[in-house]
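The values are calculated or read from the model by the stated rules, or taken from the named source; none is laboratory data. Please read these numbers as outputs of a predicted model, since none were measured by experiment. Note: ideal-geometry Cβ built from the backbone for every residue, glycine included; neighbour counts use all protein chains shown. SASA here: full protein model, heavy atoms, side chains in, ligands and nucleic acids out. Shrake-Rupley method; radii C 1.70, N 1.55, O 1.52, S 1.80 Å.
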Amino acid sequence: MSTYNTVIKKRNAQNNGWDSILPMTTAENVLVDSEGKSVADHVDDFVMHPGDGGTTAGTATAYTCASLPAPIAYTDRMGLIVKVHADSGVNPTINWNGLGAKAIKKPNGNAAILKSGGIYTLRYNATTEAFILQGEGASGNATASDLLSGKTASTDAGDITGNIPIKSAATYTPTASNQTIPAGQYLSGTQTILGDADLVSANIKAGKNIFGVAGNANVVDTSAGDATAAQILNGRNAYVKGGKVIGTMPNHSATPHTTGSMVAAGVFTSGNPNSRVYVKPAEGYYNGEVWSAFDMPDLVPQNVKSGITIGGDGGSFTGTFTSDATATSGHILSGKSAYVAGNKVTGTIPSKAAAIYTPSTVNQTISSGYYLSGNQTIAGDADLVSANIKAGKNIFGVAGNANVVDTSAGDATAAQILSGRKAYVDGALVTGTIPSRGAATITPSTVNQTIGAGQYLSGAQTIAGDADLVSGNIKDGKNIFGVIGNFAGQYATVNYYANSGQVGQGGNLTINFSISGIGFAPTSMWYVFFTIFTGGNMQFERQPYFTSTKDFTFSGDTASGSINLGTNRFSTRVTAYMSGVLFTAF
């Protein structure tokens with residue numbers, strides 16, 4: 001840029017010479033952009049430069065603050081930085097330099113939550129007439145006991161890890177005692193309390209109530225019963241020890257009987273010794289105890305097997321008949337004998353002792369022609385249940401379980417199954433080892449960051465953005481993640497008075513200076529000029545003197561240096577005025 005030296009003269013008070021008028025550069029007349037804005041305009045622009053409201057005052061719901069310079073009105077997008085003095089209450093507001101209380105909101109429109117000692121940046125939204133909290137992060141009041149075990153979240157209190165236990169699906173079979181599903185856990189699967197189609201009154205003992213179902217009056221415990229079928233009237237039935245017993249006791253109430261005198265069983269009457277016999281009635285039910293007489297015309301010796309005696313104490317006869325017997329040795333058990341047609345026949349039917357048959361893939365037979373002298377047992381097996389049979393197969397009527405399969409075709413390894421998950425491969429239980437990576441936020445830096453391969457992403461991986469990644473915050477000409485910077489630095493005009501003391505004629509005049517309180521950390525000084533006075537009269541001007549930083553030292557917001565103005569012919573006290581611009585550059 002071009003440099004111009006401006007010296008303004010006026011006649012002195014004696015009107016015999018000229019005095020120099022020193023122009024002073026101020027913020028009001030230094031332009032900073034093509035629109036003609038001055039430095040003062042730039043400083044007062046609260047959109048470009050958020051106001052520093054310092055530490056708030058007021059109450060937790062009505063904060064107040066003040067900045068210098070002060071805004072004259074609320075404008076859209078104007079910024080404010082404050083440090084709050086107390087935790088915010090419900091629906092907090094802020095009043096900036098008395099311009100009126102405005103609500104402080106989150107970006108989602110909810111009331112902001114501020115913490116004592118926190119430093120917050122706010123931007124005014126003229127549409128909603130509220131200050132919007134910038135860079136608002138976690139909010140919420142959840143605690144670890146409000147979050148599922150192993151899961152994490154961010155709240156007003158910071159990061160938390162949940163501890164709500166998780167209960168998978170379960171089935172409960174009702175028993176005689178209560179079963180409890182404890183409170184305070186998350187059900188990840190259905191909890192099934194089994195029902196039973198048999199839970200009806202007809203299946204419950206009289207006088208009992210099972211789960212609200214009253215027992216049937218006819219359902220009783222029959223363990224005290226001891227009657228047998230022979231002790232129950234024929235055609236009637238009863239329950240004894242859990243079993244139904246059908247009566248077999250004959251009912252002889254209507255059985256015909258003869259009249260006259262009765263004799264003991266087996267005694268023939270004198271009038272009809274061969275065709276009639278009197279017997280005592282068989283066991284059964286009668287109207288009274290009587291003797292019944294049965295005519296038996298065929299009860300004669302020739303119709304009774306040879307060697308058999310019929311009769312008793314009053315008389316008897318021995319049978320003579322053998323010719324109608326038809327049994328052969330093959331009809332009589334081996335080792336046993338009988339008489340057939342008057343001849344003794346020894347049996348040949350073989351006996352088969354007790355045996356056990358274990359089922360296999362082929363049929364097994366018990367040959368015919370044997371007398372079973374012992375039980376023939378077809379073995380059962382407690383393992384013959386669906387859970388032990390391959391899916392799709394049926395062994396002796398038992399269908400295989402859908403979960404029982406041939407796993408020989410499996411080829412997954414532990415490294416191919418999520419950690420903590422299980423599967424069967426080649427008959428073996430394999431527990432997965434693939435690690436899981438939860439949700440994470442990655443903040444970009446000067447080096448690449450990677451998300452390692454070989455892991456399962458159980459949560460989103462967020463590459464953080466930053467609202468400050470804009471051209472105005474990046475050095476002019478630099479490119480950060482595709483954003484090209486246009487920031488040229490900060491600057492300020494300074495004026496400095498230095499009293500050098502005396503120097504001898506022909507000596508060197510050195511000005512030592514230190515400028516502090518600049519308001520930012522400068523890195524350069526340019527357009528520096530000096531005006532030298534001796535005895536109140538200007539002797540010479542030197543401008544510009546420096547255009548680089550090599551002669552200056554910068555520490556924080558302080559600039560210092562030593563300037564040698566060269567040989568000076570004056571020996572009186574010298575006063576020097578210095579003016580220039582300090583600025584920050586990359």
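So the values come out like this:
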{"read-out": "Listed peptides 94-100, 438-444, 178-184 by packing density, highest first (mean Cβ within 10 Å)", "value": "94-100, 438-444, 178-184"}
{"read-out": "Amide hydrogen neighbours beyond the local backbone of GLN376, cut-off 5 Å, H modeled", "value": "ALA355"}
{"read-out": "Ranked packing of 224-231, 117-124, 359-366, 462-469, most packed first, by mean Cβ within 10 Å", "value": "117-124, 224-231, 462-469, 359-366"}
{"read-out": "Under-5 Å amide H pairs with VAL220, H placed in peptide plane, nonlocal only", "value": "ALA206"}
{"read-out": "Nonlocal amide H pairs with VAL425, under 5 Å, H built at 1.01 Å", "value": "VAL430"}
{"read-out": "Trypsin sites (Lys or Arg not before Pro) within segment 341-446: DSSP coil, no more than 14 neighbouring Cβ in 10 Å", "value": "LYS390, LYS393, ARG421"}
{"read-out": "Per residue accessible area in Å² of segment 42-137, where ligands, DNA and RNA are left out and the probe is 1.4 Å", "value": "50 Å²"}
{"read-out": "Euclidean distance between Cα centres, segment 57-114 to segment 347-382, Å", "value": "99 Å"}
{"read-out": "Trypsin sites (Lys or Arg not before Pro) restricted to segment 146-206 and DSSP loop, no more than 14 other C-beta within 10 Å", "value": "LYS205"}
{"read-out": "Residue-span extension gain [ILE72 to ALA409] - 0.36 nm each, minus C-alpha spacing", "value": "113.3 nm"}
{"read-out": "Full-extension gain in nm, THR348 to SER436, via 0.36 nm per residue minus C-alpha separation", "value": "23.6 nm"}
{"read-out": "Surface/4 estimate of mean projected area, convex hull on alpha-carbon atoms of segment 390-458, nm²", "value": "6.4 nm²"}
{"read-out": "Separation in nanometres of the label points that stand 7 Å from Cα toward Cβ, at LEU384 and ASP426", "value": "3.4 nm"}
{"read-out": "Distance from segment 430-481 to segment 216-246 (C-alpha centre basis), Å", "value": "83 Å"}
